[in-house]
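Read the figures in this text as sums done on the coordinates, not as results from a lab. Note that the coordinates shown come from a computational prediction; the quantities given were computed from them, not determined experimentally. Cβ: placed from backbone, ideal geometry, glycine included. Neighbour counts: every protein chain shown.
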Amino acid sequence: MSRKRSGVYAYRVRKPGLIGRLGIPIVSFRWGYVGETTSFGHRDIQHRESQPWAPLIVACYRWHLPAWKPLLHVAETLVILLLWPAYNIQKNRWNPRRITPHEARMGRSAGGSLRWVLVLVLIGVAWAYGAWLR
């Protein structure tokens, strides 16, 4: 008789870009995804092979629970509310830090780098304009 491994899992992921590469525990990592499953092994393989955030995975935490769907749904919802995962879509639309699948596919690091370049250019223009007015 085989035992099913069911429960709730959460992925800890690196933040894309330079901040994630620094490896500072609190600053460089965030909760990436929370889900419920009746087979941890199969879900882990699916996420690591098909998700655009898969290269950023640092660790997977698992909470083993009975394979009773109502319990799994409630537990997943509670863990999502506690951890604020970045890549969840369902049950997570309220999260201001949520990253949509489209943004994940396009690569947040490229967009983030471009935003910083624009911010620095605007600061430089404002500084130059202020110096010119004096």
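Taking the fewest neighbouring Cβ atoms within 10 Å as the starting point, the ordered list for Ser39, Ser6 is Ser39, Ser6. As a length-normalised measure over Cα pairs under 8 Å and 6 or more apart, the relative contact order of region 7-107 settles at 32 percent. Annotation: peptides 90-102, 120-132, 41-53, ranked by per-residue average of other Cβ atoms within 10 Å with the highest first, follow the order 41-53, 90-102, 120-132.
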